[in-house]
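Taking it in order: structure first as structure tokens, then the write-up.
What follows draws every value from the coordinates through simple rules; no lab data is involved. These numbers were taken from a predicted model, which means no experiment stands behind them. Don't worry about glycine lacking a Cβ; one is built from the backbone with ideal geometry, like all the others, and counts go over all protein chains shown.
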Amino acid sequence: MAEVFNPFSLQGKTILVTGASAGIGKAIAIACARMGARVVVTARNEARLEATLAEMPGDNLAVKADLTVAADIDALVAALPTLDGVVQCAGVGSRVPCKMISAADIAEVMQPNFQAPVLLQTALLQARKINKEASIVFIASRAANAPSKGNAVYSASKGAILSYAKCLALELAPRLIRVNCICPAMVWTNLIFEGGLTEEDLHTEEQKYPLKRYGKPEDVANLCIYLLSDASTWMTGSAIDLTGGAREL
Amino acid sequence: MELNEFIANFANQFDDTDASEITASTAFHDLDEWSSLTGMGVIAMAKTVYGKTITGAEIRSCDTVENLFNLISNK
């Protein structure tokens, strides 16, 4: 029987997924393992990280790390094999009106959402952990370009990582390493409950989406598989909206 | 946590509503200027000034400013 055509296979690739203990990162880690990759998962919460690992087929590795801590980045990078894919998914949500934004609010969001992924990337490059023709994916957000009340700091953090990723794509292109971003609209994870919204509120809001629902973590994972696979070898410096048709959040 | 100080902090969330309109018994949901954004401001104020985490649903369950004060002080 002829082999089924599958340009999206991740067989033979080693992929690092950050923020893999919950939500979108967890779904991506599981999907990558199911597509044949060897996956290294990292997150702050060891118990939840182990739970992710238990759902992944194959020979995978979990490394506990708080990526806002320099020593944790160093320890993670030292423990890593060389990588064919990196998914920078770790991040936090925040809803604070502009009138109330404090220095602490900015640090709480910009450190995990911008500074940590940038410094992890620096460490990965300096330690030569990224193979030629690898694929790097940042989970940004539609929030960068779709304003919503209370979302100023979060939106800015995602705008910052989008701009960073486009520069990184240029710098890594000579080694055929690709860098792309996924910009999801609202996805059902704990992150969207920031700012006091309830599940009931959100179920009402999701009806405004043309496809009548918010995203599932698996929706993002499927696009991520495409970006990590050899099916996307001509794509770099792109930011892909994944929104259920919504123009606003 | 002191009620009068809380009322002043709560009144601070409003730009066009005079502080004199806001007392312990004010049904704040009925204020013209009350909105989801003001609610987010109250959540942020509870966190930064009092170190307490409250939700939108909890704010909705309160009728008066004093109810809100009790909610936050009992956290």
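If the chain between A:Glu218 and A:Leu125 were fully stretched, how many nm would it gain, using 0.36 nm times the residue separation less the Cα-Cα distance? Don't jump to the answer; show the numbers that get you there.
On the way: separation 93, 0.36 × 93 = 33.48 nm, distance 2.88 nm.
The span from A:Glu218 to A:Leu125 would gain 30.6 nm if fully extended.
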Kirkwood Rh in Å, taken over all unlike Cα pairs in the stretch A:1-123: 15.4
Counting all Cα-Cα pairs in the stretch A:1-46, those more than 16 Å apart amount in percent to 41
Pairwise FRET efficiency - A:Glu199 versus A:Met235, Cβ, R0 = 41 Å, nearest 0.05: 0.70
Distance in nm between pseudo-label sites at A:Gln111 and B:Asn9 (7 Å out along the Cβ direction from Cα): 2.3
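Once the Cβ-Cβ distance between A:Val69 and A:Ala2 is put in as r, and R0 is 51 Å, what FRET efficiency do you end up with, to the nearest 0.05? Don't skip to the answer; put the middle values down first.
Values: r = 50 Å, r/R0 = 0.99.
So the FRET efficiency works out to roughly 0.50.
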How far apart, in nm, are two points set 7 Å out from the Cα along the Cα-to-Cβ line at A:Arg34 and at B:Glu2? 5.9
³J(HN,Hα), Karplus 6.51/-1.76/1.60, whole Hz, each residue of the stretch A:228-234, x for Gly, Pro: 7, 8, 6, 5, 10, 5, 9
From other protein chains only, count the Cβ atoms within 10 Å of every residue's Cβ in B:32-39, then give the mean. 3
If you count the DSSP beta bridges with both ends in the protein assembly as shown, what percent of them are antiparallel, to the nearest 5? 5
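With N denoting the number of residues in the stretch A:102-154, provide Rg(C-alpha) divided by 2.2 N^0.38 Å, to two decimal places. Can you show the working numbers first?
Numbers: Rg = 14.4 Å, N = 53, 2.2 N^0.38 = 9.9 Å.
Dividing the Cα radius of gyration by 2.2 N^0.38 Å gives 1.45.
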Determine, for each peptide in B:39-48, B:26-35, the mean count of other beta carbons within 10 angstrom over its residues, then list the peptides with the highest first. B:39-48, B:26-35
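Quick check on chain A: helices-only [θ] at 222 nm, where DSSP H runs of length 4 and up contribute -39,500 (n - 2.57) each and the sum goes over total residues. Nearest 500, please.
Working: 8 runs with 91 residues, N = 249.
Roughly -11000 deg cm²/dmol at 222 nm, from the helical runs in chain A.
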Could you check the simple spin-label distance between A:Glu171 and B:Glu33, using points 7 Å along Cα→Cβ, in nm with one decimal? 4.6
